[in-house]
Amino acid sequence: MVLLLFGPPGSGKGTQSGKISHWLRIPAISTGDMLREEIKAGTALGKAAKSIMSNGGLVGDDLVNRMLAQRVSLPDCEHGFLLDGYPRTVEQAEYLDGVLAEQQLRTPIVLHLDVPMDALVGRLTSRRQCPSCKRIYNLLHQPPKRPGICDDDGTRLITRKDDSEDVVTERIRTYDELTRPVLAYYQDRKYHQIRGDRSPGYIFEEITGILEPVVAKNGSSCCTKALGKGQKS
């Protein structure tokens, strides 16, 4: 099973990615993690990426694509994987099609967490961080026990620069511009749009409802114990 998870900043994509990975016992692979792993391992691709990034450049499609192809060929991806943050462009989507065909993997299932702009801005501008331990709070859903104070070490919480309303609005606008063509590319395939302005539990319940019939039909070894556990994870 190959899953592609899309969602703008603040959509809760990271939370759902972890839940799905745990439920189906497949790796959740993000572009950022993939880059960091390659750089840490000192591979040829990692060294090339580090050189580009240290000079202030952006790692291009060619390098990211090669990292992706190498990552999904590893043993832990044998029964499936989830991609978070890839593909970012139509060109990457076309490259992914080729990789999946070469490895004789199934057509990906696309899960798109769709959240209204005002909800996203509200979520992100409500975030606070402890500058000491880096723990993240949200004044709407996960506030600290004492207003403005970290539960763990008593440090006064701060608002990160990238959580200001102007920056948040621009991040969402940029994401929308970049992602819209990719989502259009997958519209006539196994595409599922999911309301992301609900609680993580409700969202995950809808995701398991989408995937359970596929799990039952495929009977893949990664998922033999997944059925019936979705709502409990």
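The values are calculated or read from the model by the stated rules, or taken from the named source; none is laboratory data. Nothing here was measured: the structure is a model prediction, and the numbers come from that model. Counting neighbours? That spans all protein chains shown, and the Cβs are built from the backbone with ideal geometry, glycine included.
Quick rundown of the values:
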| quantity | calculated |
| --- | --- |
| Matching option when the condition is surrounded by 13 or more Cβ atoms within 10 Å (Cβ to Cβ), at negative phi, within 18 Å of the chain's Cα centre (by Cα) and not aliphatic (A, V, I, L, M), among Thr43, Thr89 | Thr89 |
| Matching residues, segment 175-209, being closer than 21 Å to Pro87 by Cα, part of a helix (DSSP H, G or I) and touching a strand residue (DSSP E or B) at 6+ places or on another chain (Cβ under 7 Å) | Thr179, Leu183, Tyr186, Ile207 |
| Exclusive hit being at pLDDT 95 or above, surrounded by 14 or more Cβ atoms within 10 Å (Cβ to Cβ) and among the polar types (S, T, N, Q), set Thr155, Thr125 | Thr155 |
| Within segment 192-202, tally of residues that are crowded, with 17+ Cβ neighbours inside 10 Å and modelled with pLDDT of 95 or more | 1 |
| Hits in segment 64-87 - residues which are free of Cβ contacts under 8 Å to residues at least 24 places away in the same chain and among the hydrophobic types (A, V, I, L, M, F, W, C) | Leu74 |
| Exclusive hit being assigned to a loop (DSSP other than H, G, I, E, B) and at pLDDT below 90, set Leu63, Leu58 | Leu58 |
| Any hit, segment 29-40, residues being without any contact (Cβ under 8 Å) to a residue 24 or more places away in the chain and more than 15 Å from Gly85 (Cβ to Cβ) | yes |
| Extreme residue, farthest from Pro9 (Cα to Cα), among residues of segment 129-175 that are of a type outside the set (Ser, Thr, Tyr) and touching a residue at least 40 places away in the same chain (Cβ under 8 Å) | Glu165 |
| Selection within segment 100-122 - more than 27 Å from Leu157 (Cβ to Cβ), surrounded by 16 or more Cβ atoms within 10 Å (Cβ to Cβ) and either among the small types (Gly, Ala, Ser) or at pLDDT 90 or above (or both) | Pro108, Ile109, Val110, Leu111, His112 |
| Verdict on Lys13 being modelled with pLDDT under 95 and either in contact with a strand residue (DSSP E or B) (Cβ under 7 Å, 6 or more places away or on another chain) or crowded, with 20+ Cβ neighbours inside 10 Å (or both) | yes |
